[in-house]
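Notes follow once the structure below has been shown.
The values are calculated or read from the model by the stated rules, or taken from the named source; none is laboratory data. Bear in mind that the values here come from a model prediction, so they are computed numbers and not experimental data. Cβ atoms come from the backbone with ideal geometry, glycine included; neighbour counts cover every protein chain shown. For accessibility, only protein heavy atoms count, side chains too; no ligands or nucleic acids. Shrake-Rupley method; radii C 1.70, N 1.55, O 1.52, S 1.80 Å.
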Amino acid sequence: MDDYIQRLEEKGRKYLEGGDYGKAVKTFNKALAIRENHVIRNNLAMAHYLAGDYDTCLRSLQLNLADGAIPNPYAHSLACLALVKTGQLRAARTQLEKAIKEMDEGTRALARSGKPLAPWNEYAVIVLRAAGALQDHRLVYELYNKWRDRQSNWESAYFGGVAAFNLKKYRQAASCWASIANVWRPFMTMQRVAVLADRGNIPHFTLEYVHFDQDKIMKMAEGALDDPVKMRQMISDSTVRLFYLTIILEEEMDIKLRKLFLSYIIRYGGEWGCRLGKDWLLSPAINDELKITAAMALVENGVLQPGEPVQMYIDNQQREVYLREYIFSPETEAKMARVYEKAMNLARGGKVKEAARLLEVPLLEEGNAYPPAMILLVRLYHNQGEEKKKQQLIDMLESFSENMDDLKLHFEMAYMYLDIEEIDKAVKHVAAIESKRPPAENKEFEKMLSELLMKIYMENEINVYSDFMIQEYRRQVEDKRLAISPSLTQGMKNMPANWLSAACQSYSLAPERLRNDRERQITALLQEEENLQKIIQGMEPTGQELLRYLLQREGWSRINTLTRKFGSMDDDGFYWEDEPPVSTLGQLWLRCLIFIGRAKINGRNTKIAAVPNELRPVLCRLLS
């Protein structure tokens, strides 16, 4: 009979976990009809609670709550949750106090008897939830710290972080969530939410003691999409707000989705959303694309006025930026193409002011968008010394280039920057062009890119061109195909022969004469855990941090995310035998602890860094 009751309990739990609360109630009642059991009764009450039947939940718990019943902090905590839902706050507080008392007494009794504490410590999660339901954030945080050494459940750290966040102890919240980042990736992004809140970049809001259900929130969003009232209601929910922030701040997420969610959170987030948008405009911690999205959402809300200057931290400096909405349509393009040709003819004839005026009316006054005409107007303003007007147009063009997947526009802007003598920005657009390099060989593309590179570097000092060629050699290595989970063999095959010699030297190995033998030398060294332990111990903290960062993200990450966090490889050169790399990324690559290359992600050739597959389990242990 005991086996039968156990099978019924397991069946009921599956129904409970699957959300079929009606079947869970029937199954648990069937088991209780055979024999009373306090654990099954707790589960029955939880099924009623999750179904929203709080009164029946409380009735189901009466036997477990009665005087003389065995200590049951779970039952008292669940009763507290149900009493809060029915507005009986004083009774809820009484049940919470009993739960805490029984929790402490029970763990002490178990410790004295030498019995395992693990099953009892699992009750800590629901006790924390109960205290959170009473909005007693200080008590939640105190209990978390009091019990933290005995807890193995990640939910305790999650709720500890929620309590710290609500108390505006943002650094402590970040620490709690970072400790469970290996359980679920969004916890790492939540850590960043807490860090930004600590810096004043995210206005305070109070979190609920519940987990966000990603699928449920996305369904809510679909249902509210065309209804501003529903959208405002949804964004006012702190759990939804936190979920949206984790998407917006997750650098591995598609930038279009991040910008869409940011626009929602500002447009429908009321005063809080507008304050977030304004704070982000001046934050060096937020990328420029998100700042432009925030600014346009503030324009839509009427907080900022189109055409008026706004202070933003952009291009690594704080300055005025002009914002306005532009019209894109086939009719606009046809009209502006004709205006553009007339302006070109005027400019060729030396009538620069007339050409500029002809373009200003449709572009700046009417708000028509036509990048070729805007680029021409930038050149005209440059020749006339109209710096403020020139910068206004450049800001608009940069916004277009970030939001439009248009290689031609990047080429045109690179040439524009060359003409107005802003070489660094031209190089930035060359980098964007290379990142969007077509997957198949494209002779026309390669010819255009070669001509652009020639113009950039051959017209400058010879040493600049030499530096570029060195960078170009390394870029060719970085552009080789790489799996997301590469083997040591694949990663080393991508490395030039002189890098393998440098790798051997970095490990105090005399490089063998043949390339294959050098690869075997390095593989043999790295496959010994004792060797890896010594390597990790002798490594700079930033190198350890970068490896941890990758391992928490399934062993790989996009390179642009890593360069923002750990620095670029710009000064690493190519001849690593003579001059080893100085960047953290370069040093780890030299030692074959990571490899860099391009992988196909969402249909694009994306540059990534990845830890060799064979080393991941061992490095996880050593760096934990």
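Below are the figures for this structure:
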{"read-out": "Tally, over segment 55-85, of residues that are open to solvent by 50 Å² or more (accessible area, probe 1.4 Å) and among the polar types (S, T, N, Q)", "value": "1"}
{"read-out": "Qualifying residue in segment 37-53 (condition: surrounded by fewer than 13 Cβ atoms within 10 Å (Cβ to Cβ) and in contact with a helix residue (DSSP H, G or I) (Cβ under 7 Å, 6 or more places away or on another chain))", "value": "no"}
{"read-out": "Residue check for Ile255: touching an Asp or Glu at 6+ places or on another chain (Cβ under 8 Å), among the aliphatic types (A, V, I, L, M), touching a residue at least 24 places away in the same chain (Cβ under 8 Å) and under 24 Å from Cys274 (Cβ atoms)", "value": "yes"}
{"read-out": "Selection count where residues are in a helix (DSSP H, G or I) and either surrounded by fewer than 20 Cβ atoms within 10 Å (Cβ to Cβ) or not assigned by the TED database to the domain that holds Ile522 (or both), scope segment 605-620", "value": "6"}
{"read-out": "Condition check for Met188: at pLDDT below 90 and either open to solvent by 20 Å² or more (accessible area, probe 1.4 Å) or not acidic (Asp, Glu) (or both)", "value": "yes"}
{"read-out": "Number of positions in segment 64-88 that are of a type outside the set (Val, Ile, Thr) and either farther than 23 Å from Asp104 by Cβ or not assigned by the TED database to the domain that holds Trp120 (or both)", "value": "3"}
{"read-out": "Answer residue from segment 86-117, given it is in a loop (DSSP other than H, G, I, E, B) and more than 19 Å from Ala45 (Cβ to Cβ) and is least open to solvent (accessible area, probe 1.4 Å) among those", "value": "Leu117"}
{"read-out": "Scan of segment 216-238 for residues that are modelled with pLDDT of 90 or more, open to solvent by 20 Å² or more (accessible area, probe 1.4 Å) and within 23 Å of Phe187 (Cβ to Cβ), ordered by number", "value": "Asp237"}
{"read-out": "Unmet requirement for Ala178, which otherwise passes all of (1) loosely packed, with under 13 Cβ neighbours inside 10 Å; (2) over 25 Å from Ala133 (Cβ atoms)", "value": "(1)"}
{"read-out": "Conditions (1) assigned to a helix (DSSP H, G or I); (2) at pLDDT 80 or above; (3) within 22 Å of Ala79 (Cβ to Cβ): number failed by Asn145", "value": "(3)"}
{"read-out": "Residue identified as assigned to a helix (DSSP H, G or I), open to solvent by less than 40 Å² (accessible area, probe 1.4 Å), modelled with pLDDT of 90 or more and within 27 Å of Glu252 (Cβ to Cβ) among Ile536, Ile522", "value": "Ile536"}
{"read-out": "Contacts under 7 angstrom Cβ, first residue in segment 1-27 being in contact (Cβ under 8 Å) with a residue 24 or more places away in the chain, partner open to solvent by 60 Å² or more (accessible area, probe 1.4 Å) and of a type outside the set (D, E, K, R), 6 or more apart", "value": "Met1/Ile34; Ile5/Ile34; Tyr21/Leu50; Tyr21/Ala51"}
{"read-out": "Residue count, segment 191-211 (criterion: at pLDDT below 90 and open to solvent by less than 20 Å² (accessible area, probe 1.4 Å))", "value": "0"}
{"read-out": "Contacts under 7 angstrom Cβ, first residue in segment 60-83 being at pLDDT 95 or above, partner part of a helix (DSSP H, G or I) and of a type in the set (Ser, Thr, Tyr), 6 or more apart", "value": "Leu78/Tyr49; Leu81/Tyr49; Ala82/Tyr49; Ala82/Tyr54"}
